[in-house]
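To keep things clear, I will list the structure first and then write my remarks on it.
Coordinate-derived values only; no laboratory data. Predicted model, so just to flag it, every value in this text is computed and none were measured. Don't worry about glycine lacking a Cβ; one is built from the backbone with ideal geometry, like all the others, and counts go over all protein chains shown.
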Amino acid sequence: MSRIKQNRKIHKLSGLVISEGKCCVPDTSIFFNFQYITSDSNYNFEYIKNQGGSAKGISKDLLSFLQRVSQSSWEELRTKGKDNGGFETMELSNFKRSIVNNIKQKSLTNDTKLYVFRFGGNKYRLIGHKSSSCKAAIHILGFDFDHSLYEHGS
């Protein structure tokens, strides 16, 4: 009787073994997924493209932010607080619905917590949803460059 080997797809990347379907990123890391970013041009990269001369500054602030956060852990960011390089959470019901227009296979309810990160001297916001399948990943849903995505208070 012959044994049939189960064909598991395993990939090697820089010495790391990554099994398909399983998140192997350590919890001390953070990475960004842009798969679900909104198609609403007021809250995606199109906004930056339409800003003319100030686009370079916004882009620089965004890239600096992404680099800084990706070198942090969730715990580090949680303890920093929203005004000091960390984040806050807000329910989906506080945002314009267009922020989730590209999410079809995930069921998000109005009480789903979204993560809000401030960057660019607290002028801009990045809004994301923490992955349930990989604790290190955050799905970027959009950006709030002009404070119109949700009520910011006074």
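Below are the figures for this structure:
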{"item": "Residue order, fewest to most surrounding Cβ atoms within 10 angstrom, among S54, S107, S98", "result": "S107, S54, S98"}
{"item": "Translational D in µm²/s for region 25-144 (Stokes-Einstein at 4 °C, 1.567 mPa s, Kirkwood Rh from C-alpha pairs)", "result": "88"}
{"item": "Percent of beta bridges antiparallel (DSSP, region 25-144, rounded to nearest 5)", "result": "85"}
{"item": "Kirkwood Rh, angstrom, region 73-115 [1 / mean 1/r, Cα pairs]", "result": "11.7"}
{"item": "Rg and Dmax of region 43-98, Cα atoms only, in Å", "result": "14.0, 37"}
{"item": "At most 13 other Cβ within 10 Å, DSSP loop - trypsin sites (Lys or Arg not before Pro), region 92-154", "result": "K104, K106"}
